[in-house]
Amino acid sequence: MPFLPTPLADALIFEPVVHGDDRGYFFESYNERTFREAGIPNVFVQDNQARSARGVLRGLHFQYGEAAQAKLVRVLEGEVYDVIVDLRPDSPTLNQSFGLVLSAENRRQLFVPRGFAHGYLVTSPHATFAYKCDNFYAPEAEGGLRYDDPRLAINWPDLGTAFQLAERDLRWELLD
């Protein structure tokens, strides 16, 4: 299977099998059967895409209650440092975070289960970020965590400049 475990319960890295030759490459970025056989039965209902410049940090966001979302995230252009935080009360990895580089070059994808916060920092000049969601966006059920919460101790890459965040992302409360 093209799935790798992460230190956080139920979150998986998907490494697609890439077929390449002198013409270029081909790979399946998603196959419902492959994911179901790996224990991911989620049905995705919404695709989103964002393009951002170096230093833009989006997150850490989550949807709660009936609007919770699982996501399958990837980078189409450029590179990001992607971070998830397990917020599920009964999880053995509650309040733990995990980060990895996702890029157009490595073609890795990250499956983010429901009950996780998610965010990313653009580390290349630009990045195009795409993700599937298994539930529709509900603004009334949106929450967030501070990217710099000391309890999470996320080791964001040092870009030598201040990160660019939305005002709302600077106002989220600390985990404690």
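Arrange GLU15, GLU37 by Cβ neighbour counts within 10 Å, fewest through most, would you?
GLU37, GLU15
Quick check for me: using +1 on Lys/Arg Cβ and -1 on Asp/Glu Cβ, what's the dipole size of region 3-171 about its Cα centre, in debye to the nearest 20?
Roughly 140 debye for region 3-171.
For the chain, what is the relative contact order in percent, using Cα pairs closer than 8 Å and at least 6 residues apart in sequence?
Relative contact order comes out at 29 percent.
Using only the Cα atoms of region 3-171, construct the convex hull and provide its projected area averaged over every direction, in square nanometres to one decimal.
10.5 nm²
In whole Hz, with x marking every Gly and Pro, tabulate ³J(HN,Hα) for region 123-130 from phi via Karplus 6.51 cos²θ - 1.76 cosθ + 1.60, θ = phi - 60°.
The phi angles translate into 10, 9, x, 8, 9, 10, 10, 10 Hz.
For each of SER97, SER103, count neighbouring Cβ atoms within 10 Å of the residue's Cβ, then give the residues from fewest to most.
Least to most surrounded, the residues fall as SER103, SER97.
Per residue of the chain, what 222 nm ellipticity follows from adding -39500 (n - 2.57) for every DSSP H run with n ≥ 4, rounded to the nearest 500?
After summing the helix terms and dividing by the residues of the chain, the value is -1500 deg cm²/dmol.
Percent relative contact order of region 55-132, based on C-alpha pairs within less than 8 angstrom and at least six residues apart?
48 percent.
For the residues HIS61, HIS118, what sequence is obtained by ranking on other C-beta atoms within 10 Å, fewest first?
HIS61, HIS118
Given an 8 Å cut-off on Cα distances and at least 6 residues of separation, report the relative contact order of region 1-47 as a percent.
23 percent
Regarding region 105-176, what whole-number volume in Å³ per residue does the convex hull of its Cα atoms give?
Roughly 144 Å³ of hull volume per residue.
Using per-residue counts of other Cβ atoms within 10 Å, averaged over each peptide, order 123-129, 106-112, 3-9 from highest down.
106-112, 123-129, 3-9
Rule-based calculations on the coordinates, nothing more; no lab input. Being a predicted model, the structure only gives us computed values, none of them experimental. Cβ sites come from the backbone with ideal geometry, for glycine too, and all protein chains shown count toward neighbours.
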